[in-house]
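What follows is a set of notes on a single structure, which appears directly below.
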Amino acid sequence: MTREEVFATLNGVFQDVFDDESITVGEGTTADDIEDWDSLEHINLIAAVEQEFGIKFSMGQVVTMKNVGEMADIIMSQIKD
Amino acid sequence: MKELEYPFDSDYILKNARKLKRILSGQDIGRIKKKIAVLGGSTTHDIVRILEIFLLHQGIEPEFYESEYGQYFQDAMFGNPELDAFAPDLIYIHTSSRNIASYPAPGDNAETVEAMLEEQYAHFSSMWDKLEGTYHCPVIQNNFEYPFYRLLGNRDAVGVNGRIRFLTRLNERFYQHAESHGNFYIHDINYISSAYGLDKWADPFYWHMYKYCLCMQAIPEFSYNLCNMIKAVFGKNKKALVLDLDNTLWGGIVGDDGAENIEIGQETSMGQVYAEFQAYIKEHKDIGVMLNVNSKNEEENALAGLNHPAGILKPEDFILIKANWEPKSKNMADIAAELNILPESLVFVDDNPAEREIVRMQFPGAAVPEIGRPEQYIHILDRSGFFEVTSLSEDDKKRSDMYKANLMREKQQAGFADYGEYLKSLKMKGIVRSFEPVYMARIAQLTNKSNQFNLTTRRYTQSEIEQTAASPDHITLYGKLEDRFGDNGVVSVVIGEKKEKTLHIDLWIMSCRVLKRDMEYAMMDRLVEECGKAGIAAITGYYYPTAKNRMVENFYGLQGFAKAEEDENGNTVWVYDIPKHYEKKNRYIEIIER
């Protein structure tokens, strides 16, 4: 999966979770950029991303992830294995 | 909505919860509104979010109060103005084995452990007592799931110091409390967690990251199970099963293969599967579920199949057997009409996806589960929770007999030229009295189940019924009816509030199965008598139309009331001035006095 494809898939997940088809995410997107993305919704978002890509984030990764770009880094490293 | 029916795709529901809620909120299906307070010992956000969707799907529009993180005990014990103002219709206490303050240590002796058990139990029971005294509403309490590790290995289940043993004993104490408190229910997360798989359920990731006592992916199953209890408490259970025969209750086609060749019984593996399924269905009779057949068959062949010597279900276990070549949706409509119940009270079980689809399209409202392969039938029906039992009344156990007796009455009626003669032949005996303690559960149940013969559609919990019965400002009546075919149990309830010299009728309901038997007149007669004793001069009745209660639109008119008001929504107010010499209206029921 290319980085572009990862982002395309992530867009779909974000759109479903926040029920908003206008959302597009980029490298620097953070919770501050999406209105409904609060700490509680974050849990559901992480679970939906894991399910979509068939991966599992570790606690350490979830804690340190700073933006969607870093999320994509972890996804790409896991689906390569 | 298929996405929300068991077996569902949990990941899909979690991800698309917002969309599902948006769609459900857009449907106007006349939901009942309920206020639910969630008192959490751990994070409840997603549990509530998903619960809301399932409740909307069940016809309940919830409003939630959620305690601050982990504040269940504080909210319950020390008062909370916000919770008081919220005035919950139901309280759910979401605690788990993560909330046990102290567990036995390996060195503790039996007395020490006993004291710990007492202390833990008292923590909860004092809270339940407090809630009961303050809010008078149903309380649902989680039991405890097992922890994800066992320090003592297998001995953890046996030794007094073991956590498994400790939780098992504590759970047993919870059940004892539930047995002696009618309005207190246990949400069995111990079962749901083991069915889900404890290792996945108790994934420490979700506890340490987000303070969830279960993993995210298990939340839809969790909330679904909880929703089933809540809908049952609010009278939204299904009432009847409508079953196909060929390849549903036995293997093979009885019309083609012959009754002797259908697969049922112990000879083959498939025969055993069907026999176990038949036994499972038969047990539903004892919890008050009415069994019916809807099959494309000659009736003769259907009966031959049901009389198979190795079969568990026999023709007499069913109330209605529709074995014909009519569309199944038409049979469904006939069954609902003959049993006098609403389409949404029926569950249709058929192995054939095409028949299921036709019933879904042509007979909306009924539950039509995707029951899968024969070896999955029990699992899927069971976990669907259509008939979740919150309490078992005597009437539940006898329901099938009561409905059968009703059908015999109807047959009998056909033989009488004069309806009055028929009513006389029934030799009816009735009891009409103020609420009595033994019937409080049944009365509350009726107020939640009656939709058609229901003037105000006001719902009461059992504790509200008890409070009303004890109130000096109310007149309460229940009516019980018996005839030569059997006992119908409690079938009618009236509640009126006294204001000066007038009685205002808050509730007047009757079970449709005793329609046109003079029972409504017997209730009126006693109501007038009670008003006389209380010095009441007039009665005011109210009719609030719903999608289901058109049949009683003119009920008060028939009782001799005069219409006083009507608004643009069809709400009407009726007045009855009690005459000096009231002539009793009931002519056919012999009323048993004390």
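Read-outs throughout are calculated quantities, based only on the coordinates presented, and are distinct from any laboratory measurement. All of these numbers come straight from a predicted model, not from anything done at the bench. Neighbour counts are summed over all protein chains in view; Cβ atoms, including those assigned to glycine, are modelled from backbone coordinates with ideal geometry.
Across region B:240-384, Cα-Cα pairs farther apart than 27 Å form 12% of the total. Descending by average beta-carbon neighbour count within 10 Å, the peptides B:213-219, B:376-382, B:296-302 line up as B:213-219, B:296-302, B:376-382, the highest first.
Restricted to Cα atoms, region A:3-80 shows a radius of gyration and a Dmax of 11.4, 32 angstrom.
Computed over region B:1-88, the range of Cα coordinates on each principal axis works out to 43, 29, 19 Å, biggest value leading. Kyte-Doolittle cut-off -1.0, length cut-off 15 Å along the helix's own axis using Cα: show which whole DSSP H helices in chain B pass. Helices meeting the span and hydropathy rule in chain B are B:45-57, B:110-135, B:219-233, B:269-283, B:328-339, B:519-534. Mean per-residue shielding of peptide A:14-23 is 3, counting Cβ atoms of other chains within 10 Å of each Cβ. Taken along the Cα-to-beta-carbon direction at a fixed 7 Å, the label points for B:ASP567 and B:GLU370 span 4.4 nm. What is the list of residues in region B:118-133 whose amide nitrogen lies under 17 Å from a point 7 angstrom out from the Cα of B:PHE78, following Cα to Cβ? Output list for this probe position: B:123-124, B:126-128, B:130-131. What is the sum of charges, Lys and Arg at +1 and Asp and Glu at -1, for the other residues whose Cβ falls under 15 Å from the Cβ of B:GLU111? Charge balance near B:GLU111 sits at -3. The tail of the calculated P(r) for the protein assembly as shown beyond 43 Å holds 35 percent of all Cα-Cα pairs. Considering only alpha-carbon pairs that sit under 8 angstrom and 6 or more positions apart, the relative contact order computed for chain B is 10 percent.
Inter-chain Cβ neighbour count for B:15-22, averaged per residue, equals 5 (cutoff 10 Å, partner chain atoms only).
Legend: mean number of C-beta atoms from other chains within 10 angstrom of residue C-beta atoms, peptide A:47-54, equals 4. The gain in end-to-end length when the B:HIS177 to B:GLU500 segment is fully stretched comes to 112.1 nm, 0.36 nm per residue minus the alpha carbon separation. Here r is the Cβ-Cβ distance between A:ILE79 and A:MET59 and R0 is 22 Å; the resulting FRET efficiency, rounded to 0.05, is 0.65. Volume per residue for region B:513-594 equals 114 cubic angstrom (convex hull of Cα atoms). Along its three principal directions, the equivalent ellipsoid of region B:427-591 from the Cα gyration tensor extends over semi-axes of 21, 18, 18 Å, largest first. Neighbours of B:PHE64, meaning other residues whose beta-carbon lies under 9 angstrom from its beta-carbon, give a summed charge of -2 when Lys and Arg score +1 and Asp and Glu score -1.
Using the average count of surrounding beta-carbon atoms within 10 Å as a protection proxy, the listed peptides B:269-280, B:148-159, B:38-49 rank, highest first, as B:38-49, B:269-280, B:148-159. Rg to Rh for chain B: what is it, with Cα atoms only and Rh by Kirkwood? That ratio is 0.99, to two decimals.
Taking Lys and Arg as +1 and Asp and Glu as -1, the other residues whose beta-carbon sits under 13 Å from that of B:LEU152 total +2. With the simple spin-label model, which puts each label point 7 Å out from Cα in the Cβ direction, the B:ILE592 to A:ASP19 separation comes to 5.4 nm. Between the beta carbons of B:GLU326 and B:ARG169, assuming R0 = 56 Å, the FRET efficiency works out to 0.50 to the nearest 0.05. Full extension of the chain between B:GLU111 and B:ALA195 yields a length gain of 26.9 nm, computed as 0.36 nm times the residue separation minus the alpha carbon distance.
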